[in-house]
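Worksheet: the structure to be examined is printed underneath.
No lab work stands behind these numbers, since they all come straight from the coordinates. Predicted, not measured: the structure shown is a model, and the values here were computed from it. All Cβ positions, glycine included, derive from the backbone under ideal geometry; neighbour counts span all protein chains shown.
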Amino acid sequence: MKLVCEVCAMDYAPSECKYKADIDGGMTLMCPKDCQYEDPNDLEIVGTTTEGTIYDDAYGRGNLLWWMSEELVGLVTK
C-alpha cells in the first residue's frame, strides 16, 4: 500500500510516514517532509477510490483518505 501527499505530489509506504500531531491538534499519519504543517490535507491511499462508498457524499470522488483504512488506523492507534 502506498500513500500520496497532495502537497508535494510524492507517494510513500506507510512505514515512511510519521505519526505526529497535526495542525489541528489531532494525531495523524504525516508526510515525511512535514507538508501537513503547511497544508491540512490528509494522505490518500494510491490506487483506491471512494466510488461506491459511504464517503462519496462527504468527500466527493477521489482516493480514500488514510484514516478510511482499518489497516492504517490500526497502525496508528496501536
(request) Mind putting a number on the dipole of region 3-71 about its Cα centre? Charges go on the C-beta only, +1 for Lys and Arg and -1 for Asp and Glu, and I need it in Debye to the nearest 20. (result) 180 debye
(request) Counting only C-alpha contacts under 8 Å and six or more residues apart, can you give the relative contact order of region 3-71 as a whole percent? (result) 28 percent
(message) Net charge around Thr49, counting only other residues with Cβ within less than 11 Å of its Cβ (Lys, Arg = +1; Asp, Glu = -1)?
(response) -2
(message) What is the sum of charges, Lys and Arg at +1 and Asp and Glu at -1, for the other residues whose Cβ falls under 15 Å from the Cβ of Val4?
(response) -4
(message) In Å and on Cα atoms, what radius of gyration and Dmax does the chain show?
(response) 11.9, 32
(request) Give the long-range amide H neighbours of Thr48: residues separated by 5 or more places, or on another chain, with amide H under 5 Å away, using H modelled in the peptide plane at 1.01 Å from N. (result) Leu64
